[in-house]
Amino acid sequence: MLGRKVPAVTFRTRVRDESVGGSNPFRWQDVTSDDYFAGKRVVLFSLPGAFTPTCSTYQLPDFEKLAPEFRTLGVDEIYCVSVNDAFVMNAWGKSQGLENVKLIPDGSGEFTRKMGMLVAKDNLGFGMRSWRYAAVVNNGIVEEWFEEEGYSDNCDGDPYGISSPQNILAALKSQKIAA
Ligand code: BEZ
């Protein structure tokens with residue numbers, strides 16, 4: 001993946017818009033890969049599903065807490081992508097009180113498939129989901145790649161460590177020392 005451009009896709013997001021009126025004032029907003037990645041250095045991480053235990057207890061909250069440290073290391077944004085629709089991703093973001101991490105709904109799995117990271121999770125009744133990975137993406141180009149070991153369909157358990165924010169921070173810090 002190093003040196004490759006992230007796939008060009010259009011994500012279907014739901015955004016709050018008071019002009020919609022009523023008790024649920026949200027509308028669709030298309031956001032492209034270019035909108036998310038052009039001209040920015042970002043950390044992207046991907047996980048098997050919103051609301052799943054490791055993702056909700058460690059991975060997402062730890063990225064949220066450590067966001068200021070990432071900023072000091074030249075990271076403009078932190079994005080979390082999952083093969084879940086915009087309604088689920090918004091509900092997850094709200095439940096986590098996110099202020100720093102932005103959630104990207106890849107409901108159709110198109111982005112994840114084109115990243116080569118789509119796996120079957122039929123053993124859990126999940127269908128197709130993302131293998132856990134993270135990347136530093138600079139202006140749309142993958143600069144650093146952190147993929148959990150054992151990429152496979154219907155994996156027993158879901159490894160978590162290589163793509164943790166702590167591991168990525170350590171890599172970015174050692175890069176800075178070496179520079
Ligand atoms: C998790 O804890 O992150 C998890 C649980 C079940 C399936 C996938 C992920």
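The values are calculated or read from the model by the stated rules, or taken from the named source; none is laboratory data. These figures come from a predicted structure and were not determined experimentally. Neighbour counts run over all protein chains shown; Cβ positions are idealised from the backbone, glycine included.
For this structure, a couple of remarks:
- Residue count, segment 63-79 (criterion: more than 13 Å from the chain's Cα centre (by Cα) and within 16 Å of the ligand (Cβ to nearest atom)): 0
- Listed by first and then second residue, the pairs with beta-carbon distance under 6 Å, at least 6 apart or on different chains, first residue in segment 103-130 and under 22 Å from Asn90 (Cβ atoms) and in a helix (DSSP H, G or I), second β-branched (Val, Ile, Thr) and modelled with pLDDT of 95 or more, are Glu110/Val9; Phe111/Val9; Thr112/Val83.
- For segment 10-51, filtering for residues that are more than 16 Å from the ligand (Cβ to nearest atom), surrounded by fewer than 20 Cβ atoms within 10 Å (Cβ to Cβ) and hydrophobic (A, V, I, L, M, F, W, C) leaves 6.
- Hits in segment 119-136 (condition: closer than 12 Å to Tyr151 by Cα and more than 12 Å from the ligand (Cβ to nearest atom)): Ala120, Tyr133
- Close pairs (8 angstrom Cβ cut-off, 6 or more residues apart or separate chains): free of Cβ contacts under 8 Å to residues at least 24 places away in the same chain in segment 154-165, among the polar types (S, T, N, Q) and more than 10 Å from the ligand (Cβ to nearest atom) anywhere: Gly161/Asn167
- Filtering segment 10-58 to residues that are part of a loop (DSSP other than H, G, I, E, B) and out of contact with any strand residue (DSSP E or B) (no Cβ under 7 Å at 6 or more places or on another chain) leaves Gly21, Gly22, Ser23, Asn24, Ala38, Gly39, Phe51, Thr52.
- Failed item in (1) among the polar types (S, T, N, Q); (2) under 16 Å from Ser130 (Cα atoms); (3) at pLDDT below 95, with Gln59 passing the rest: (3)
- Met89 meets each of the listed conditions (1) touching a Cys at 6+ places or on another chain (Cβ under 7 Å); (2) in a helix (DSSP H, G or I) apart from (1).
- Of all residues in segment 59-86, those that are outside any strand (DSSP E or B), within 23 Å of Arg14 (Cα to Cα) and of a type in the set (A, V, I, L, M, F, W, C) total 4.
- Of all the criteria given as (1) more than 16 Å from Pro53 (Cβ to Cβ); (2) within 11 Å of the ligand (Cβ to nearest atom); (3) out of contact with any strand residue (DSSP E or B) (no Cβ under 9 Å at 6 or more places or on another chain), the one not satisfied by Ala170 is (2).
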